[in-house]
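Worksheet: the structure to be examined is printed underneath.
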Amino acid sequence: MLFRSKFRPFGQFPPQLPAPKPAISSAAAAAADELLIDSSTSKNPVREILTLAKRGNRPLFLPSNRTRVDRQSRGAGKDGNFMDWEVARTRFEDARLARLETCHALAREGRLKEINSVLKQMLHEEGSGSAPSLCELLQNNFRDCDSCSIVWDVLANVYAQLEMIHDALYVLSKMDSLNMQASISTYDSLMYNLRHTDMVWDIYKEIRARGVTHSEYTYNILIDSLCKQQRLQDAISFFQDVHGRKEVKPFIITFNTLMSGLCNAGLVEVAKSILSLILKYGLRPDRYSYTTLIHRLCAAGSMEEALKLFEDMEKDGILLDVVAYNILINGYRLLGLMSEVWKLIKMMIFQGLKPDLVTYTILITGHCEKGDVEEGLRVRREVIARGIQLNIVAYSVLLNALFKKGQIGEVHQLLDEIEAIGLHMDLVAYSILIHGYCKLGEIERALQVCQMMCSKQVMPNSFTHGATLSSLCKKGMLVEARWYLDNLVGSGLMVDIILYNIVIDGYAKIGDVDGALELYEQILKLGLSLTIVTYNTLIFVFCKIEKLTVAEHFLRQIELNGINPTVVTYTTLMDAFVGAGNTDSMLRMFNEMIEKAIMPNVITYSVVMKGLCKQGRLQKAIDILKDMHISGVQIIYFETII
DNA sequence: GTAGGGTTAG
């Protein structure tokens, strides 16, 4: 039983909240307490020893025949069964030197890929923060040899690939002081791993200042980075600027990247125009160009257009592959058209293509979304019978569906299965568990899952915490919710506006204006951007305590801040005006939203009816009811209100 | 560089 048996009893609140990704593993953290490290279960005992040593501890090394570190093993240190720390350290240093020597030997033969894999393994074990000591080792032991600059360059490159950016930059600065030039491939790696930040431009400036020739990937990374940072206009300008230069050969990936950025921003029409641009530059769209567009069209529900492009792709001589089919199949799943999903699966089989795990996952998702988890589970059995093992994505879909149906017994069965086949739970899978337990009101269990994922180095994100927070709020445990939020903020974790919105809403529901306002001020101090949800919630809290002038003041504030009020904003205010017996103000709000072309929904209409009926203005109520019919709003809700 | 899973407000 994955989660039942391993949970420690949860006796205290608040629990220990996840800290930012620690420099050492949980095994090392546990060992720090006991000064013992289990070499058989620890992934990287040497690294852990070093980390402990830095903290002034003198850890002992458990021989590999021990399987567990537990309280009883503490005494085992006395029987001489442990390796001495000094011995371990010397062996470690020797091993490092031997590996670097191997790298230099490989460099002399120009075997770059192999250096890359040796260093990747080594740096993976060494962890971040290891650059200074490795550089020292390189500098002291491998001077004045031709192969040196290659090894240094690959070292910086691998640090960048492993996203140990500070280490990569450290190696580059050392190389600079030793008059060695990094290769464009290393700069590319660094830029790629910094693509979510503005730092890419500093690296690009450096490349240009040093006169290093760009690779075909360099511009692609920069355009991708601008798209990822939602700077589409800049991406387009940069693209035009680059392609205006004679020395730059057009490269299909760069076109596709820009197209992908445009698609993600919802600019499908502009993205489509890139297809003709590709031809204009003398290139041909490849399968990525087509599938990127098809994917976007499917996501938008434009299946006809997607199918047309699918045919164009085939006409263009590009063989349809499983990915292209899966994109289309998923498009039909999104529309809930399972019969079409089956048709396409048959079609792909007819074309000689084998549905893969992604195809089956889409199929399972479709069944689950229709509420037929049994059918989803049946597909799972069929897939397994065909010799395909499900991955964590497919299991997540099923877990989520089972939680929604409250089939907790089946949830635990699947968790056992996941454990039995040795699959690792990832961030989404854990988040589904946390959400599921929260929805069932089992918040303690949710918190235990949170602790468990942290101990496995899977760090919760905003979504994960959101579930816990909203669950605490729903239970009215505002003190605990606030404590949880404060801890997230205090531990320097990324806290976004959604988490604040959830807790503000919690305060709003219990009518605690002070709590809500305190958080509002905190948001302003932190410089987070308020969303319409924040404002709606604040309006709600003032409505709740019957301060309607203040509530309406927020509505004006929203507009001043350039945010568009929604149907929720107006409905909240209207409901409050009805409650206060002020039907005229309610109608004023109603007319205002109509003028702004904000579509009223069922709840809005029910509020209007409630107000008018309360005042006995039945004719007006009937008139609005007719409008409601015309605009196609369902009447069911209204009847229940009357 | 293209495909499949989780989330907030009335």
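The values are calculated or read from the model by the stated rules, or taken from the named source; none is laboratory data. If you're wondering where the values come from, they're calculated on a predicted model, not measured in any experiment. FYI the Cβ positions are ideal-geometry reconstructions off the backbone, even for glycines, and counts take in every protein chain you see. We work out accessible area using only protein heavy atoms, side chains counted, and drop any ligands, DNA or RNA first. Shrake-Rupley method; radii C 1.70, N 1.55, O 1.52, S 1.80 Å.
Things worth noting here:
- Once the Cβ-Cβ distance of A:Leu267 and A:Gln139 is raised to the sixth power relative to R0 = 45 Å, the FRET efficiency obtained is 0.35.
- Paramagnetic reach from A:Lys614 (point 7 Å along Cα→Cβ, amide N under 12 Å) across the range A:526-545: none
- Within the accessible area of the range A:490-641 (1.4 Å probe), percent carbon and sulfur: 58 percent
- Lysines with Cα under 21 Å of A:Lys354, excluding same-chain neighbours fewer than 8 positions away: A:Lys343, A:Lys346
- Accessible surface of the range A:382-452 [probe 1.4 Å, protein heavy atoms]: carbon and sulfur percent: 53 percent
- Listed values for the range A:325-330 are Karplus-derived 3J(HN,Hα) couplings in whole Hz (6.51 cos²θ - 1.76 cosθ + 1.60, θ = phi - 60°), namely 4, 4, 4, 5, 4, 5, and x replaces Gly and Pro.
- Here the spin labels are modelled as points 7 Å beyond Cα on the Cα-Cβ line, and at A:Leu440 and A:Arg91 they lie 4.6 nm apart.
- Extension gain, A:Asp312 back to A:Val567 (0.36 nm per residue minus Cα-Cα distance, nm): 87.6 nm
- Model label zone, A:Lys370; criterion: amide N under 18 Å from point 7 Å along Cα-to-beta-carbon; scope the range A:388-418: A:397-398, A:401-402, A:405
- Pairs spanning more than 23 Å between alpha-carbon atoms, out of A:Lys205/A:Lys228; A:Lys370/A:Lys405; A:Lys308/A:Lys370; A:Lys474/A:Lys544; A:Lys405/A:Lys475; A:Lys272/A:Lys315: A:Lys308/A:Lys370.
- Between A:Ser455 and A:Ser302, residue separation times 0.36 nm minus the direct Cα-Cα distance comes to 50.7 nm.
- Per residue, in Å², the accessible surface of the range A:232-309 once ligands and nucleic acids are set aside, probe 1.4 Å: 51 Å²
- Cross-link partners of A:Lys626 among lysines (Cα-Cα below 29 Å; sequence separation of 8 or more within a chain): A:Lys596, A:Lys610, A:Lys614
- At full extension, A:Met477 and A:Ala98 could sit 130.7 nm farther apart than now, given 0.36 nm per residue minus the alpha carbon distance.
- Using a simple spin-label model with pseudo-atoms 7 Å out from Cα toward Cβ, A:Ser128 and A:Gln230 lie 2.5 nm apart.
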